[in-house]
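The values are calculated or read from the model by the stated rules, or taken from the named source; none is laboratory data. All figures in this text were calculated on a predicted structure; none of them were measured in a lab. Cβ placement follows ideal geometry from the backbone for every residue including glycine, while neighbour counts extend to all protein chains displayed.
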Amino acid sequence: MEQSPLSQASDDRLLDMLFAGEEIEEEIELEGARIAVTSHRLLAFMPEGGERRFDHEDRPNVLDARVQAAGKPDYLSWSVRSFVYGLLLVGCGYLLNSSGLLTNLDGTTPTEGGVILGLQQMVGMMVSAFTLLTSVLLPVGGVLLLAAAVFGALYVTTRSEELIIERAGRDPIRVPVNGDEAKDAARRIRAAVGTSSKPSAD
């Protein structure tokens, strides 16, 4: 059976990376990635993995392998912030409109007298300012709520699955995967590495 270019490249890299006396015990080929468990280490080849295309860890330091949903956290953060700010703005604008406070203040009958007239003019200016603010709060809040929906949709559509290989003292190895092959790969890694490498449940 003819190997894919990825398999051939991975095989060549494997041979170059093996220590003297190190033997391959398990090979797992995924879409766009390849993982090998040797007698000494776990090796991960990820040509399409982005920042790090090759990673490895000594077997005693491999703690677990599992599948986890992953998405762009920036989209989720922007969605939550936009929703909170938009809800606050729309809520404030609605309360100012529905309370009738601005209408009552604006409908105050003018009276004679310098001090009272000055206060009424100040109140009138405040009413005008709050009326303008209300007319801005509602549309801006609506735009933010719409942006929250867009960012939320982007987060959901960009979500994918990752094979997470936990290791002691370092960030986990993250391998982008698709479909049911991820769970099978995690199971095979756990079986190959052995339960002695997994943390005990206290």
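Yes/no matrix, rows are residues, columns are (1) surrounded by fewer than 16 Cβ atoms within 10 Å (Cβ to Cβ); (2) small (Gly, Ala, Ser); (3) under 16 Å from LEU144 (Cα atoms); (4) at pLDDT below 85:
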| residue | (1), (2), (3), (4) |
| --- | --- |
| TYR75 | no, no, yes, no |
| GLY91 | yes, yes, yes, no |
| GLY100 | yes, yes, no, yes |
| ASN104 | yes, no, no, yes |
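Here's the yes/no breakdown for (1) surrounded by 12 or more Cβ atoms within 10 Å (Cβ to Cβ); (2) modelled with pLDDT of 85 or more:
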| site | (1), (2) |
| --- | --- |
| GLY124 | yes, no |
| ALA149 | yes, yes |
| THR157 | no, no |
| GLU161 | yes, no |
| ASP184 | yes, yes |
| ARG190 | yes, yes |
| ALA201 | no, no |
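Mind counting the residues in the stretch 70-87 that are over 9 Å from TYR155 (Cα atoms) and either assigned to a helix (DSSP H, G or I) or over 14 Å from the mean Cα position of the chain (by Cα) (or both)? The number of residues fulfilling the criteria is 10. For the stretch 151-184, give me each residue that is part of a helix (DSSP H, G or I) and either closer than 24 Å to PRO73 by Cβ or free of Cβ contacts under 8 Å to residues at least 60 places away in the same chain (or both). Correct list: PHE151, GLY152, ALA153, LEU154, TYR155, VAL156, THR157, ALA182, LYS183, ASP184.
Exactly one residue out of GLU22, GLU57, GLU29, GLU2 is outside any helix (DSSP H, G or I), surrounded by 12 or more Cβ atoms within 10 Å (Cβ to Cβ), more than 22 Å from the chain's Cα centre (by Cα) and at pLDDT below 85: that is GLU22.
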